[in-house]
Amino acid sequence: MSDTSPSEDAPLVDRIAANPRPALVWVAGFAVLLALEFGALAESLTSPVPWADLYERPAGALGLPAGAVGFVLLASAAVVAGIGFAHYWREGSLRAAGGGALSLLVAVELGIALGGNATIAVTALALLAALALVGTGVARGSPRGAVIGGIALLVGLVGVHAIQPLPTLLTRELIPNQGYEHPDRGWVGPFLGLPPAVAWALRVALVYAYAFALLAWAWRGYNVFREHYRYADWTPRDDMVDRFRNHYWGLFGFVVVFMFVVFAVFAPPIGPTTVERNIMNPYSHELTYWDEAAGGTATITVGDANLGSSSAGNPDRNVGVMQYDEYDRFHPFGTLVSGKDLFTFMAAGARVSLFIGILALGMSGLIAAVLALVTAYYKGVADLLAVIVSDSIQSLPRLLLIILLSVVFAETWLSEVYSGGLLLALIFGATTWPFLWRAVRGPALQVSEQEWIDAARSFGQRPHVTMKKHMAPYIIGYLLVYASLTLGGIIIATAALSFLGVGVSAPTPEWGRAVSDGRSYIATVSWHISTIPGILVVIVVTAFNAFGDGVRDAIDPQSAGGGDAADEAVVAAGGGG
Amino acid sequence: MSRWGYFLRRLLLAVPVVIFGTTITFLILRAGPLDPVSAILGPTGSPQAYNRIQENLGLNKPLWEQYIDFMVSLFTFDLGQSWVINPDTDAYDLILLFAPRTIWLGFWSVLIALFVGIPLGFYAGLHPNTPSDYLASFGGIVWRAMPNFWLAIILVGALGLSGPFGGAWINLGPQTNIIGPPDLGFFSDPLRLLTAPGDTWPDFLAALKKIAPAAVVLGSASMGNEMRIGRTAVLETINSNYVETARAKGVPRRSIVWKHVFRNALIPLVPIITGEAFLLIGGSVIVETVFGINGLGYLFFQAITQGDLPLVGSLMFIFILLLVVVNILQDFLYTIIDPRVGYER
């Protein structure tokens, strides 16, 4: 190695410091993309999570005033954050910095939940901490400090957003699609006087353009890292990535999965109307339309308008795919039997499915990975015990067990969180891990037989370090394959449960409920109610399967099915849903 | 370890699995947040009735005593009785009453999956990368991703009374409606199918036609899986060295396919076929609910939603036994078909 470039053992930070330009360009581009949507990001951290429960529940249990408990919690979270940052500042421990940032976020969210001066105080505190961290980082010439300061700054900005909303690019306020058609002046209300269908399509196109830009930028970030900052010219992972890039079936799966995720994450701006306005509380919202008879505008509650736009198999009163209802509202997928907008319902339902799927997978993936590593490392009794426990769980028919659990826990407080979504996610997590564990057990046992594991053991490396450093990277890929298949299965099973009337409770949207609602109208003009959600499930699940196939072929070109195919079949079909 | 040693080990392992699986059921039912007695009584129960049921079920005893009672009675096949669905009826009788329709449904769905999925998969594997292979593979992939409940209601919609093919379906063969349970009266005396074919075969055909749509739905996921795995298995064996040797020796293609490819390609299909049992039991709840077939899945779902927890426990135990037996069967088939078993694992 020459003297000018950093040595091969230099940490990433030093390599970036030696040649900061590509990294800075990438970070600047990323910051721009982030800034465009920061308002939405802050909103999604604050509003869907019941932060107030953090102090209201214990306060209720102890019989103390909620506000006081909240302030105590807020203060302690802030102190923990301070200790974390101080520890990082003195010792450079990244874990302390991460913990500090997390408790700072909790403090800010608690402040927002408490409202009033608490919000302002804690936001000011967070901004000050960010300033101090960035300042010391720059003064010491440590880019890492600046990054941690940047994270603290983002947390502070979440607080700022709660006080004074920050602008967001992709909102329905910027490109509205609701309005009425004036006989002389054309469309009043939608963006630039375009027809609502066009305005809506424009917004959806923008959302997807933004999402794909973000994806492309992330890919560019990986390439920048690979070209400029990675020490090795080649790693086995490069081959996997290349194999995946030439696997068209897998790429198809990836693109569709990505579009599904965007559909779920950007559900509020993508829908032609909002869940709150159209589905949850239609009678608390009003709508202006052009009244032909009166020759002027009139208002009506959304609920009453929905009564007029219902699709229930009557050829004279049906709002089908890509049609307007009589109040000039545009329905890309038509309306439900109740007259609510199916597209909005689907987008919100995708969110629910994705939340359940990811939480359940995170849980069961973690259990499966830890168990696979431990049983492969120690073998013997540990392995036998795990086999018995997982076989026992697998011997209970999966879908029936899930139905049973969701009925048994239906009356508890768990089922109230997120309309039962959290409970379902926990149930899926608890019943899915044996399948994932089975899938990674083979690879884990294989890697545990390797010489380098023996070598690590013989020089006295602690077991958990060996597992983390030398075994885990090998099984992660296999876990990803099964996770992808399982996510498709969870989407099917969630829909099946809401089809049966258990699981996610009404009125929270869930795809299976739309299928169930429209089942009597399949042979009528209102065929869209059941058919569209079903086709979307088929496409999304096929895509998850395709993505899994692509990843499998990328990490292990020799394998082709076989092995644990039966488990795979059960998880991928949602246990028979 | 020898082949039979391996099998014996799997057999022994099944014992703790059944015990532990039943224990999980017990914990969910008795230690869970749902009180079985109030579930049975519903919101309008008097305290006297409550105490009576509690005593009758033995719920006033400590949990560990309940556990021993629960396990002992299940493992001696004393399945208790139903409390809500059909009060004071033995669970045993209920199961006997509901099981035949589920068995009929499961039998045909396994058969459809086997006799459509595997031949299609083998055909695709023997003609790889042809248009018919692509068509079959793509069909299998999409077919596999279709949720049972959706496929079921689409079929009901298309073949039902008001559907586009409703009339055609009703008049096809014996007249039947798509919704409703099949009439399995001829089962009471199966020998009559041979002795008096004129009287019984129409009944048989009617029952078969009645169950066919439900069986297609229930077999759908397995059919797709069998196709996919069958295709890869054939592709793998046909490119192996021993097949090449056979071809070089001049063994005719027909005998290569049947003797060398087919048998070996069956091995990876065994777990798929036995794994169908899992999909069948789960799927039967949905399919039987949609098609209005009062079988075991329907019974289980009604028992759960109506709070008949004692019956739920008994049914769960039966399902566990069934699945464990199927698993043992899978190991048995493995031991017979694949001589390498026990050596490589």
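Structure above, values below:
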{"item": "A:Val502 being in a loop (DSSP other than H, G, I, E, B) and in contact (Cβ under 8 Å) with a residue 60 or more places away in the chain", "result": "yes"}
{"item": "Residue identified as touching a residue at least 60 places away in the same chain (Cβ under 8 Å) and among the hydrophobic types (A, V, I, L, M, F, W, C) among B:Phe77, B:Phe122", "result": "B:Phe122"}
{"item": "B:Ala277 vs. criteria within 21 Å of A:Leu401 (Cα to Cα), in contact with a helix residue (DSSP H, G or I) (Cβ under 6 Å, 6 or more places away or on another chain), more than 8 Å from every other protein chain (Cβ to nearest Cβ) and modelled with pLDDT under 85", "result": "yes"}
{"item": "Qualifying residue in region B:74-95 (condition: of a type in the set (Val, Ile, Thr) and within 14 Å of chain A (Cβ to nearest Cβ))", "result": "yes"}
{"item": "Condition broken by B:Glu244, with the remaining ones in (1) over 23 Å from B:Ser109 (Cβ atoms); (2) touching a helix residue (DSSP H, G or I) at 6+ places or on another chain (Cβ under 7 Å) satisfied", "result": "(2)"}
{"item": "Subset of region A:402-423 [more than 8 Å from chain B (Cβ to nearest Cβ), buried (at least 23 other Cβ atoms within 10 Å of the Cβ) and out of contact with any Gly (no Cβ under 8 Å at 6 or more places or on another chain)]", "result": "A:Leu423"}
{"item": "Test: residue in region B:283-302 that is away from every other protein chain (no Cβ under 14 Å), of a type in the set (A, V, I, L, M, F, W, C) and not in a helix (DSSP H, G or I)", "result": "yes"}
{"item": "Matching option when the condition is among the aliphatic types (A, V, I, L, M) and either outside any helix (DSSP H, G or I) or over 19 Å from the mean Cα position of the chain (by Cα) (or both), among B:Ala158, B:Ala152", "result": "B:Ala158"}
{"item": "Residues located in region B:303-332, provided they are in contact (Cβ under 8 Å) with a residue 24 or more places away in the chain, at the interface with chain A (Cβ under 7 Å from one of its Cβ atoms) and over 15 Å from the mean Cα position of the chain (by Cα)", "result": "B:Val312"}
{"item": "Residues being surrounded by 23 or more Cβ atoms within 10 Å (Cβ to Cβ) and over 30 Å from B:Ile154 (Cα atoms) - total across region B:280-309", "result": "2"}
{"item": "Of all residues in region B:50-79 being of a type in the set (Ser, Thr, Tyr), under 29 Å from the mean Cα position of the chain (by Cα) and surrounded by 13 or more Cβ atoms within 10 Å (Cβ to Cβ), the one that is nearest to B:Leu34 (Cα to Cα)", "result": "B:Tyr67"}
{"item": "Spans of helices (runs of 4 or more DSSP H) in region B:188-275 with at least 2 residues surrounded by 21 or more Cβ atoms within 10 Å (Cβ to Cβ)", "result": "B:197-238"}
{"item": "Restricting region B:136-187 to residues that are of a type in the set (Gly, Ala, Ser) and under 22 Å from A:Val538 (Cα atoms), the residue that is farthest from the other protein chains (Cβ to nearest Cβ)", "result": "B:Ala136"}
{"item": "Close pairs from region A:481-499: first more than 10 Å from every other protein chain (Cβ to nearest Cβ) and at pLDDT below 90, partner surrounded by fewer than 24 Cβ atoms within 10 Å (Cβ to Cβ) and outside any helix (DSSP H, G or I), Cβ under 9 Å, at least 6 apart", "result": "A:Val481/A:Asp556; A:Tyr482/A:Asp564"}
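To keep it simple, each residue is scored yes or no on (1) at pLDDT 90 or above; (2) surrounded by 21 or more Cβ atoms within 10 Å (Cβ to Cβ).
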site	(1), (2)
A:Ala506	no, no
A:Ala514	yes, yes
A:Thr524	no, no
A:Pro533	yes, yes
A:Ile539	yes, no
A:Ala546	yes, yes
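The values are calculated or read from the model by the stated rules, or taken from the named source; none is laboratory data. All values derive from a computational prediction rather than experimental measurement. Note that each Cβ is placed from the backbone with ideal geometry, even for glycine, and that neighbours are counted across all protein chains shown.
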